Each structure stands twice: as structure tokens, then as C-alpha cells.
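Input: a single structure, listed below in C-alpha cells.
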Amino acid sequence: MYVKVAICLTFAILLLISCSIYVGTIDAKSYFFPLPQPPPLRLSLCAIDRPLRVYMYDLPRKFNAGMMDRGTSQVAAPATVENFPPWPKTSGLKRQHSVEYWLMASLLYDEEEGSEAIRVSDPEMADAFFVPFFSSLSFNKHGHVTTDAEADADRQLQVELLEFLRQSKYYQRSGGRDHVIPMTHPNAFRFLRQELNASILIVVDFGRYPRNMSSLSKDVVAPYVHVVDSFTDDDPLDPYESRTTLLFFRGNTVRKDEGKIRVKLANMLAGIDDVHYENSVGTPKSFKMSTKGMRLSKFCLHPAGDTPSSCRLFDAIVSHCVPVIISDKIELPYEDEIDYTEFSIFFSMKEALEPGYLIDQLRRFPKDRWINMWMRLKNVSHHYEFQYPPKKEDAVNMLWRQVKHKLPGVRLAVHRSRRLKVPDWWRRKR
């Protein structure tokens with residue numbers, strides 16, 4: 001009897017399953033042969049509160065720290081945290097273009113707390129790829145040696161780096177769009193710069209970059225590394241009265257392009273008692289005199305140089321000297337997070353060259369407003385400090401956060417490029 005009941009029950013279940021398959025309520029294929037699960041959707045980094053995951057290429061030492069070794073580095077192995085050299089205190093003006101060094105050092109530092117970026121060993125996990133080539137130091141070390149481009153060691157390093165990147169499947173996958181490459185010296189990567197125009201470039205301005213290569217939409221503007229000492233004990237009873245010089249400038253007055261304004265300003269400002277405007281070159285003694293002069297000044301003049309920006313602006317910031325910026329084409333670091341009008345004064349080049357106008361405006365500037373700017377400078381100056389180990393909200397971490405802000409646009413460009421069957425119609429002339 002029990003056998004008959006079991007047979008009838010089995011028959012009924014099979015009949016029910018057959019009918020369900022027939023009417024489509026059960027997918028027999030997926031039931032008996034489950035399909036693989038699709039990969040999870042990658043959310044925009046802006047929607048994820050975690051550090052940027054960066055894969056750093058293991059380039060031979062000659063591309064980075066080897067340039068800091070005495071003589072020619074013969075070490076082929078990549079630099080590590082154990083053999084990474086400290087930045088030399090006697091580097092002079094080379095320090096101002098050392099952003100590449102501090103970015104690399106931050107990835108070698110194995111500490112996640114307070115970091116905007118962490119290094120990952122698996123490139124499949126990376127949000128971005130860092131190319132540790134010291135292109136600015138390469139120009140400073142090799143670029144002045146010879147005019148023969150074929151024999152130039154700087155050019156040879158650029159050629160070898162491009163060959164390396166073109167063989168990387170991760171560079172090929174995005175066309176280099178998610179690769180981060182520092183180029184802060186105006187002549188960094190000067191021979192083959194156009195070959196990297198899709199990547200996220202770390203620059204100090206766009207003075208020597210064509211518009212089809214570099215722009216605010218994809219690249220990151222970095223501060224120069226300041227060369228004067230930071231003012232860490234700036235706590236006088238009356239900060240305004242303690243600074244007896246109205247306006248301070250010390251630097252090279254013979255510059256190219258927009259920097260030609262420096263000679264004109266020298267003639268206009270000559271002979272004014274509380275204005276210090278002096279031609280000088282970058283030497284250790286000059287840095288000490290600039291440190292002292294900025295700390296005794298209410299305003300520090302920042303005219304354009306060979307390019308729209310210069311290190312002098314960031315020397316002024318860490319000296320808590322209110323910057324007076326005269327540069328019509330300057331771009332500034334972290335400007336989506338920091339409002340420079342809260343602690344800086346801007347004049348167009350036309351305004352600055354109007355006789356008497358600049359000094360008159362500074363003399364009439366209210367004391368209480370100046371003190372507010374001075375206080376704001378003290379609050380923001382840590383964002384312009386490059387140091388090892390890195391600290392929360394310092395210059396390196398601010399830059400990595402800027403890179404993170406660029407990545408949604410990178411992903412948009414990569415995804416569109418994969419499905420477009422014709423040249424991008426947005427780029428066509430209408």
C-alpha cells in the first residue's frame with residue numbers, strides 16, 4: 001500500500017514540474033545548470049568612502065630614485081621603502097619640482113590610516129595606476145647636458161618608458177586614461193609628452209601644454225614644493241603691526257612670456273620705502289633671506305614667471321604672508337575644495353601696470369580683513385606641506401584626493417570608447 005502511495009506522489013510531482021516548465025514558470029536549464037553570476041557593479045569612487053587603490057609600476061631604479069644616487073645607478077631592481085633615499089637638503093631649486101618624489105614615497109609608506117591612497121599589489125584591484133618616473137628630476141639632471149636629442153639621457157628614458165607602458169595590458173585597456181604621471185617642471189617629458197595626452201598628468205600649470213593635451217577636466221594641478229622654511233611659531237600679539245614691510249618680492253626679474261611683467265613692476269615699485277622688490281637667484285642664502293623677508297611682510301607679490309605660476313606663491317602661503325597674485329592664466333591646486341579669495345588678492349596684469357593702483361589698493365586694505373586672511377593662511381598652510389611619512393590632509397593626500405575626483409570622468413571616457421563605432425561626434429565641429 002505504501003509503495004503505491006509513493007509511486008502516485010512521485011508521479012504527481014513530476015507532472016507538476018512538467019506543466020510548470022511548459023507554461024514557463026520554471027527555467028529547467030537554470031535550475032539544473034545554474035548560470036554564472038555576473039561580476040558586481042563597480043560604483044563610482046565618489047560614492048565610496050575608502051582610500052584610492054593605486055597600483056605602482058615596479059620600474060627599474062634608474063627611472064626614479066636612481067637619479068638621486070651618486071654617479072649612474074646600476075641597480076635594476078625597483079626602489080623599495082628600505083632603500084628609498086631621503087630628499088637631499090642641498091637640492092636647491094630642484095626641490096620645487098619634487099612632487100613626483102613625494103607621491104612615490106607616499107605609496108611606499110605602508111600605512112592606511114589617514115591616507116587618501118594605498119598601494120595594492122594586484123593591478124586588477126586598482127582604481128588608478130601610478131607611473132613612478134621622475135620626469136622633472138630627469139630634465140634637471142640630464143636635460144641640460146647636450147642639445148643632441150638622440151644622445152640625451154632624458155630622451156632615452158622617455159623612449160624606454162613609453163615602450164614599457166605600451167606593453168602593459170592595463171595601459172592598453174584604458175588607453176592610459178587611468179594612469180597618473182607627474183610632469184611638474186615646464187620641460188618635463190618634453191620630447192614625447194604628446195604620446196601621453198590621455199593620462200592624468202600632475203602639473204603646476206598649463207603654460208607649456210597645448211589644449212588638446214592637458215586640461216582641468218582630466219589633469220591635476222599641484223602646488224610647487226615650497227623652498228622657504230615653514231613659519232610654525234607665528235603667534236604675535238598684533239600680527240599686522242609686527243610685519244613692517246607692505247609688499248615683498250625677491251626673485252629673478254628677467255623672465256619669458258607673461259613673466260616680462262616682472263621688469264615693469266621693478267621699475268614701477270622702485271624707491272617706495274615699505275616695498276621690497278629685489279632681483280635674486282635661488283641659492284641657500286637667498287632662500288634664508290626670502291624666509292626672513294616674507295615673515296616680516298604683510299603682502300607677498302606673486303607675478304607670473306616663465307609660466308603662469310611659480311614656487312613663490314606657496315612660499316608665501318607657508319610664511320602666512322597674504323599673496324598678491326598677478327597672473328591672468330594661473331590655475332591653482334585643490335580649487336574645488338579651497339577658495340583662494342579667502343586668503344589671497346588678485347590683480348589682472350592690466351590693473352597691476354596702472355601707475356599707483358596696486359600700492360594704493362594695498363595701503364587701503366582694511367586691517368581686520370588682512371588679519372582674517374592671515375588666520376586663514378595659518379589654517380590652510382598644512383595642505384601645502386610635502387613630507388615623509390605623509391600626514392592627513394597634507395599636500396600628497398590632497399593630490400591623491402584630486403586624482404580620485406578625476407576617475408569618474410576617466411571611467412566615462414573608457415566606457416564610451418568601448419561602444420563607439422565612429423569617431424567621437426562630440427569632437428566634431430558643428
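Among the listed residues ARG177, ARG173, identify the single one that is more than 26 Å from ARG70 (Cβ to Cβ), open to solvent by 10 Å² or more (accessible area, probe 1.4 Å) and in a helix (DSSP H, G or I). Give the steps one after another, and end with the answer.
Details: ARG177 fails: in a helix (DSSP H, G or I).
It is ARG173.
Has region 329-343 got at least one residue that is over 19 Å from the mean Cα position of the chain (by Cα), over 23 Å from ARG243 (Cα atoms), open to solvent by 60 Å² or more (accessible area, probe 1.4 Å) and touching a residue at least 24 places away in the same chain (Cβ under 8 Å)?
Our first condition is that a residue be over 19 Å from the mean Cα position of the chain (by Cα); within region 329-343, this holds for 341-343.
Pick out the ones that are also over 23 Å from ARG243 (Cα atoms) and you get none.
No, region 329-343 contains no residue that is over 19 Å from the mean Cα position of the chain (by Cα), over 23 Å from ARG243 (Cα atoms), open to solvent by 60 Å² or more (accessible area, probe 1.4 Å) and touching a residue at least 24 places away in the same chain (Cβ under 8 Å).
Out of all the residues in region 193-211, which are part of a loop (DSSP other than H, G, I, E, B), of a type in the set (A, V, I, L, M) and closer than 24 Å to GLY305 by Cα?
Keep residues of region 193-211 that are part of a loop (DSSP other than H, G, I, E, B), which gives 197-199, 204-211.
Next, from what is left, pick out any that are of a type in the set (A, V, I, L, M): 198, 204.
Listed by number, the list holds a single entry, VAL204.
Search region 110-122 for residues that are under 12 Å from LYS391 (Cα atoms) and pair each with any residue that is open to solvent by 100 Å² or more (accessible area, probe 1.4 Å) when their beta-carbon atoms are under 9 Å apart and the residues are at least 6 apart or on different chains.
Short answer, once both residue conditions are applied: GLU113/LYS392; GLY114/LYS391; GLY114/LYS392; SER115/LYS392; GLU116/LYS392.
Assuming SER215 fulfils every condition listed in (1) in contact (Cβ under 8 Å) with a residue 60 or more places away in the chain; (2) in a loop (DSSP other than H, G, I, E, B) apart from one, which condition is it?
Looking at each condition in turn, SER215 falls short on (1).
Which of the residues belonging to region 281-292 are within 17 Å of THR245 (Cα to Cα) and either open to solvent by less than 10 Å² (accessible area, probe 1.4 Å) or touching a strand residue (DSSP E or B) at 6+ places or on another chain (Cβ under 9 Å) (or both)?
MET289, SER290
Find the residue count for region 72-109, including only residues that are touching a residue at least 60 places away in the same chain (Cβ under 8 Å) and among the polar types (S, T, N, Q).
4
Considering ASP148, ASP152, which residue is at pLDDT below 95, of a type in the set (D, E, K, R), surrounded by fewer than 16 Cβ atoms within 10 Å (Cβ to Cβ) and out of contact with any strand residue (DSSP E or B) (no Cβ under 6 Å at 6 or more places or on another chain)?
Working: ASP152 fails: surrounded by fewer than 16 Cβ atoms within 10 Å (Cβ to Cβ).
None of the other options fit; the residue is ASP148.
Working only within region 374-385, note down all residues that are closer than 20 Å to GLN96 by Cα and open to solvent by 10 Å² or more (accessible area, probe 1.4 Å).
Scanning region 374-385 gives SER381, HIS382, HIS383, GLU385.
Would you say SER290 is of a type outside the set (Lys, Arg), at pLDDT below 95 and not in a strand (DSSP E or B)? Spell out the reasoning first.
Numbers: of a type outside the set (Lys, Arg): yes; at pLDDT below 95: no; not in a strand (DSSP E or B): yes.
It is false that SER290 is of a type outside the set (Lys, Arg), at pLDDT below 95 and not in a strand (DSSP E or B).
Kindly establish whether ARG255 is among the charged types (D, E, K, R), closer than 30 Å to ASN397 by Cβ and open to solvent by 20 Å² or more (accessible area, probe 1.4 Å). Reasoning before the result, please.
On the way: among the charged types (D, E, K, R): yes; closer than 30 Å to ASN397 by Cβ: no; open to solvent by 20 Å² or more (accessible area, probe 1.4 Å): yes.
No.
Only residues in region 155-178 that are on the phi > 0 side of the Ramachandran plot and without any contact (Cβ under 8 Å) to a residue 40 or more places away in the chain count as the first member; pair them with residues that are among the polar types (S, T, N, Q) and open to solvent by less than 20 Å² (accessible area, probe 1.4 Å), Cβ under 7 angstrom, at least 6 apart or cross-chain, and list the lot.
These pairs meet every condition: GLY176/SER199.
Given the conditions (1) surrounded by 14 or more Cβ atoms within 10 Å (Cβ to Cβ); (2) in a loop (DSSP other than H, G, I, E, B), which single one is not true for PHE346?
Unmet for PHE346, out of (1) surrounded by 14 or more Cβ atoms within 10 Å (Cβ to Cβ); (2) in a loop (DSSP other than H, G, I, E, B): (2).
Among the residues of region 315-332, what is the count of those that are more than 21 Å from GLY282 (Cβ to Cβ) and not in a strand (DSSP E or B)?
So the answer is 5.
Please go through region 195-248 and pick out each residue that is open to solvent by less than 30 Å² (accessible area, probe 1.4 Å), closer than 20 Å to ASN379 by Cα and not charged (D, E, K, R).
Across region 195-248, the qualifying residues are ALA222, PRO223, TYR224, VAL225, HIS226, VAL227, VAL228, PRO239.
Are any residues in region 264-287 under 31 Å from the mean Cα position of the chain (by Cα) and without any contact (Cβ under 8 Å) to a residue 12 or more places away in the chain, and if so, which ones?
LYS285
I'd like to check something: does region 364-385 contain any residue that is of a type in the set (Gly, Ala, Ser), assigned to a helix (DSSP H, G or I) and modelled with pLDDT of 95 or more?
Yes, that holds for at least one residue.
Residues in region 142-151: is at least one outside any helix (DSSP H, G or I) and touching a residue at least 60 places away in the same chain (Cβ under 8 Å)?
Applying the first criterion (outside any helix (DSSP H, G or I)) to region 142-151 yields 144-148.
Now narrow it down to the ones that are touching a residue at least 60 places away in the same chain (Cβ under 8 Å): none.
No - not one qualifying residue is present in region 142-151.
What number of residues within region 293-314 satisfy the criterion of being over 24 Å from ASP235 (Cα atoms) and either assigned to a loop (DSSP other than H, G, I, E, B) or open to solvent by 10 Å² or more (accessible area, probe 1.4 Å) (or both)? Give the steps one after another, and end with the answer.
First pass over region 293-314, keeping only residues over 24 Å from ASP235 (Cα atoms): 302-311.
Those left that are additionally either assigned to a loop (DSSP other than H, G, I, E, B) or open to solvent by 10 Å² or more (accessible area, probe 1.4 Å) (or both): 304-311.
Summing the residues that are over 24 Å from ASP235 (Cα atoms) and either assigned to a loop (DSSP other than H, G, I, E, B) or open to solvent by 10 Å² or more (accessible area, probe 1.4 Å) (or both) in region 293-314 gives 8.
Does ARG419 count as under 25 Å from VAL228 (Cβ atoms), open to solvent by 40 Å² or more (accessible area, probe 1.4 Å), without any contact (Cβ under 8 Å) to a residue 12 or more places away in the chain and out of contact with any strand residue (DSSP E or B) (no Cβ under 8 Å at 6 or more places or on another chain)?
No: the conditions fail for ARG419.
Pairs, please: C-beta under 6 Å, at least 6 apart or cross-chain, first residue on the phi > 0 side of the Ramachandran plot and in region 383-412, second open to solvent by less than 50 Å² (accessible area, probe 1.4 Å)?
Pairs found: none.
Could you please find all residues in region 82-94 being assigned to a loop (DSSP other than H, G, I, E, B) and at pLDDT 90 or above? Before you say what the answer is, go through the steps one by one.
Of region 82-94, the ones assigned to a loop (DSSP other than H, G, I, E, B) are 82-91.
Hits for region 82-94 are GLU82, ASN83, PHE84, PRO85, PRO86, TRP87, PRO88.
The values are calculated or read from the model by the stated rules, or taken from the named source; none is laboratory data. In this text the structure is predicted, and so the values were computed from the model without any measurement. Virtual Cβ from ideal backbone geometry, glycine too; neighbours counted across all protein chains shown. Surface areas here come from the heavy atoms of the whole protein model, side chains and all, with no ligands, DNA or RNA. Shrake-Rupley method; radii C 1.70, N 1.55, O 1.52, S 1.80 Å.
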